[in-house]
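Written below as structure tokens is the structure these notes are about.
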């Protein structure tokens, strides 16, 4: 039987959690802002004719990219060997380019629907939290020395609104597992990539929750990240497209390229486009020959 979430909790405990998660959210927000600032010159130098519109949910696209970072990094050596002319900046800068695009998107108000913009992150975060919860409970039950039982039980409680609780749980599971990784790693099916993704998704959710109050400037402002939504998306999407081509080539026999790097334009449960709305176009062609 799974543990039932409870609204109970001491004021002191909640205050400590709020302080920790606020600090974590600030770290991720700053990382996204630093990514934007580091790439601003590249956005400004991009020819207008090369800029593609951000015609997909950038939050969902960034979540896909961040989930793929570990797998793509693991393929870096093979890409360098098999495709010597491939620009490895597409591998090394994927996370930065994704976060830069996401920062601009959030500053524009996430396309006008700030609550709906959380859904792609939530859809990815919920099964990951369930996986980590099962693993943590199994570790607690198998050996009291592997994880702190009180911490496992406390994470299993609901503390605050559901989306914030989801974000906090992911950040805390990351800390729980990585804090005792030398003891845990041979006793669980959880991988470090799962934990890195949990922390990233948790912090992205916390940052996105805070960004719902952001107001989009009503007049053009070259100093505002919202001005660079399309340029930042173009830089990020072009890198991602190049990586999809490279991974498709490397993994042609295995046929799992789409699992590693799913299309940024693929719809998941969105249904058919509204009348008069064209189907989204995936600019990544399938290789031939």
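Checking each residue in region 126-148 for being at pLDDT below 90 and in a helix (DSSP H, G or I) picks out only 142. Return yes or no: is residue 193 under 23 Å from residue 144 (Cα atoms), touching a helix residue (DSSP H, G or I) at 6+ places or on another chain (Cβ under 9 Å) and assigned to a helix (DSSP H, G or I)? Taking the combined requirement at face value, the residue does not satisfy it. Every test in (1) over 30 Å from residue 145 (Cβ atoms); (2) within 20 Å of the chain's Cα centre (by Cα); (3) modelled with pLDDT under 85 is passed by residue 203 save one, and that test is (1).
Among the candidates 178, 151, 163, 200, which residue alone is within 20 Å of residue 69 (Cα to Cα) and without any contact (Cβ under 8 Å) to a residue 60 or more places away in the chain?
On the way: 151 fails: within 20 Å of residue 69 (Cα to Cα); 163 fails: within 20 Å of residue 69 (Cα to Cα); 200 fails: without any contact (Cβ under 8 Å) to a residue 60 or more places away in the chain.
So the residue among 178, 151, 163, 200 that is within 20 Å of residue 69 (Cα to Cα) and without any contact (Cβ under 8 Å) to a residue 60 or more places away in the chain is 178.
Candidates in region 108-125 are the residues that are at pLDDT below 85 and in contact with a helix residue (DSSP H, G or I) (Cβ under 6 Å, 6 or more places away or on another chain); of these, the one that is surrounded by the most Cβ atoms within 10 Å (Cβ to Cβ) is 121.
The values are calculated or read from the model by the stated rules, or taken from the named source; none is laboratory data. Worth saying up front: this structure is predicted, and the values here are computed from it rather than measured. Cβ sites come from the backbone with ideal geometry, for glycine too, and all protein chains shown count toward neighbours.
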